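Q: Quick one: this structure, given as structure tokens, is what I'll be asking you about.
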């Protein structure tokens, strides 16, 4: 099967879009958090590749255009951010306090659970940047001596969990303010969570974008301090 | 032409972000520099929102799809992930929920404390 697909320029994007589309239809039919289009697309694509024995490289050769668009799309998060600037200015203390507490919580949470699970130093620092955007997280993990592949996996998993359970978590913790929802999602689940916040509304999306950038930068410092703990 | 122009600006800013990432020796990715540049360009009126709006919102709308290839890549990492997946999963799930709860609640409490009732209602808080 590899031969057939490896010469295709469109297979990678086609399977990604198709599985996402199926996920979207399922989500509308079945209103349950786990029926998340992104999760369904990822699981279905992995299953498809495994069943037909198609290499990841073969899939990626076509799908890499999606990867390529990620930076320009992230750059565009500044647009809703700018459009919501007034709201942001009026609530800057609340927003900043939320992000800072989120960053500290994330690092402490990893520290406490790493102690409980008796992780090694390398495993511990691998997990420290889990809540921030991949590109910053890789830098942090590398700097502190973590396993980069693992860091990327953990960051993506965090994002998908955030994307799936954002609304559930807001309900559980009774977070009703749109601004607070944005802070929660962007701080905990970076850009993949922000994609969900954007679906929830422009305010949530804009604040989530801001939070992911600020949390990412703050974590660089917080993680390097915390790396001395274990 | 409008789309071409909008896309040109967005890619131009992404490119500038990439350059900054290479020149400045910090673990800050091109996309973060790009967000800061785009925001500054809008803030200082170098460009207007309508110069990037449609294409920008199109890219934001398709953003979840753009993460699929990276997430499918978890498949490749499975060999490294296997010995530690259980503790890593537990830590990831718990800390994601806790961080969301704490950061969201702190922001919400501060908004409720400082803002008049009218604003609270508009923002979705009913206390």
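The values are calculated or read from the model by the stated rules, or taken from the named source; none is laboratory data. The shown structure was predicted, so the numbers you read here are calculated from the model rather than taken from an experiment. Methodologically, a virtual Cβ is constructed for each residue, glycine included, from the backbone with ideal geometry; neighbour enumeration extends over all protein chains shown.
Q: Of the numbered conditions (1) over 30 Å from residue B:101 (Cα atoms); (2) modelled with pLDDT of 90 or more, residue A:110 satisfies every one except a single condition; which is it?
A: For residue A:110, the exception is condition (1).
Q: Within region A:69-84, which residues are more than 7 Å from chain B (Cβ to nearest Cβ) and assigned to a helix (DSSP H, G or I)?
A: Taking region A:69-84 first, the residues more than 7 Å from chain B (Cβ to nearest Cβ) are A:80, A:84.
If the condition is that a residue be more than 7 Å from chain B (Cβ to nearest Cβ) and assigned to a helix (DSSP H, G or I), then A:80 is the only one that fits.
Q: Further question: Which is touching a residue at least 60 places away in the same chain (Cβ under 8 Å), touching a helix residue (DSSP H, G or I) at 6+ places or on another chain (Cβ under 6 Å) and surrounded by fewer than 24 Cβ atoms within 10 Å (Cβ to Cβ), of A:128, A:119, A:144?
A: A:144
Q: Then there's this: Where residues in region B:1-52 are touching a residue at least 40 places away in the same chain (Cβ under 8 Å) and more than 7 Å from chain A (Cβ to nearest Cβ), which of them is surrounded by the most Cβ atoms within 10 Å (Cβ to Cβ)?
A: Here is the first cut: in region B:1-52, the ones touching a residue at least 40 places away in the same chain (Cβ under 8 Å) are B:2-3, B:5-7, B:9-10, B:51-52.
Of the ones still in play, those that are also more than 7 Å from chain A (Cβ to nearest Cβ) are B:2-3, B:5-7, B:9, B:51.
On the way: B:2: 11, B:3: 10, B:5: 12, B:6: 21, B:7: 17, B:9: 19, B:51: 18.
Out of the qualifying residues, it is B:6.
Q: Additional query: Just one of A:87, A:96, A:66 is touching a residue at least 12 places away in the same chain (Cβ under 8 Å), in a helix (DSSP H, G or I) and out of contact with any helix residue (DSSP H, G or I) (no Cβ under 7 Å at 6 or more places or on another chain); which is it?
A: Exactly one of A:87, A:96, A:66 is touching a residue at least 12 places away in the same chain (Cβ under 8 Å), in a helix (DSSP H, G or I) and out of contact with any helix residue (DSSP H, G or I) (no Cβ under 7 Å at 6 or more places or on another chain), namely A:96.
Q: Among the residues of region A:32-63, write down those that are without any contact (Cβ under 8 Å) to a residue 40 or more places away in the chain and farther than 19 Å from residue A:160 by Cβ.
A: Passing the criteria: A:51, A:57.
Q: Go through (1) crowded, with 24+ Cβ neighbours inside 10 Å; (2) under 23 Å from residue A:225 (Cβ atoms) one by one and return the number of the condition residue A:159 breaks.
A: Residue A:159 satisfies every listed condition except (2).
Q: Would you check if there is a residue in region A:163-173 being assigned by TED's automatic domain parsing to the domain that holds residue A:103 and over 30 Å from residue A:88 (Cα atoms)?
A: No, the conditions are met nowhere in region A:163-173.
Q: Among the candidates A:17, A:60, A:38, single out the residue that is facing chain B (nearest Cβ under 8 Å), at pLDDT 90 or above and part of a helix (DSSP H, G or I).
A: Unique residue meeting the criteria: A:17.
Q: Let me ask something else. Out of B:60, B:102, B:68, I need the residue that is at pLDDT 90 or above, facing chain A (nearest Cβ under 7 Å), closer than 20 Å to residue A:194 by Cβ and in contact with a helix residue (DSSP H, G or I) (Cβ under 9 Å, 6 or more places away or on another chain). Which one?
A: Of B:60, B:102, B:68, the one residue that is at pLDDT 90 or above, facing chain A (nearest Cβ under 7 Å), closer than 20 Å to residue A:194 by Cβ and in contact with a helix residue (DSSP H, G or I) (Cβ under 9 Å, 6 or more places away or on another chain) is B:102.
Q: Still on this model: So residue A:182 clears everything in (1) free of Cβ contacts under 8 Å to residues at least 24 places away in the same chain; (2) surrounded by 24 or more Cβ atoms within 10 Å (Cβ to Cβ) except one condition, right? Which one?
A: Residue A:182 satisfies every listed condition except (1).
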